[in-house]
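The block underneath contains the structure these notes are about, expressed in structure tokens.
The values are calculated or read from the model by the stated rules, or taken from the named source; none is laboratory data. Computed from a predicted model, the values in this text were never measured in an experiment. Counting neighbours? That spans all protein chains shown, and the Cβs are built from the backbone with ideal geometry, glycine included. The area values use the complete protein model at the heavy-atom level, side chains included, leaving out ligands, DNA and RNA. Shrake-Rupley method; radii C 1.70, N 1.55, O 1.52, S 1.80 Å.
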Amino acid sequence: FRFDAAFYTDATFSEETNDEQMVGEKVYFGITQSTGINGLSFVVRDCKVENYYSYQNFYVFEDFCPNQIVNNDEVVPEFETSDMFKLSYHAFQFSGNYDKEVVRMAMDCNINVCLFGTCPVVQRPCS
């Protein structure tokens, strides 16, 4: 299975971007199946931002829940999807990087693929 992950310009998730993000700006991130397979769906378990320079990481989505610290309010309402998982958060900076003008970071997500309607997800309220 192959997935595409991209950053987007706004909450419509229609135009991809490679622009640098400033601390505090809204970041829009989406995951889609490269080639949709009938009857299959996927669920994102967690996503973390990783700093290439210091090996630090921070979960912006964990245990099927958005992280409230970074005001993650644009998450696809259905846990299980065959279309697109959508996520947004406010850009942040890891401690110890204040002397760098640009910091390279990556998004790392864990995804489960399953037959539609059978993904192992317990939908519980997020705190």
Item to check | region 97-113: number of residues that are surrounded by 15 or more Cβ atoms within 10 Å (Cβ to Cβ) and at pLDDT 65 or above | outcome: 5
Checklist entry - When region 4-36 is examined, which residues are found to be open to solvent by 80 Å² or more (accessible area, probe 1.4 Å) and free of Cβ contacts under 8 Å to residues at least 60 places away in the same chain? => result Thr12, Ser14, Glu15, Glu16, Asn18, Asp19, Thr35
Checklist entry - Ser41: touching a Gly at 6+ places or on another chain (Cβ under 8 Å), in a strand (DSSP E or B) and modelled with pLDDT under 90, yes or no? => result yes
Checklist entry - So which pairs qualify, if the first residue must be in region 82-101 and under 18 Å from Phe58 (Cβ atoms), the second must be at pLDDT below 85 and of a type in the set (Phe, Trp, Tyr), the Cβ gap must be under 8 Å, and the two must be at least 6 apart or on different chains? => result Asn97/Tyr53; Lys100/Tyr53
Checklist entry - Which number in (1) modelled with pLDDT of 85 or more; (2) open to solvent by less than 20 Å² (accessible area, probe 1.4 Å) marks the one condition that Phe64 misses? => result (1)
Checklist entry - Within the set of pairs 6 or more residues apart or between chains, which connect a residue that is under 15 Å from Cys119 (Cα atoms) inside region 38-62 to a residue that is β-branched (Val, Ile, Thr) and open to solvent by less than 40 Å² (accessible area, probe 1.4 Å) with Cβ atoms less than 7 Å apart? => result Ser41/Thr81; Phe42/Thr81; Val43/Val121; Val44/Ile31
Checklist entry - Under the condition of being closer than 28 Å to Ser95 by Cβ, part of a loop (DSSP other than H, G, I, E, B) and among the polar types (S, T, N, Q), which residue from region 6-38 is modelled with the highest pLDDT? => result Asn18
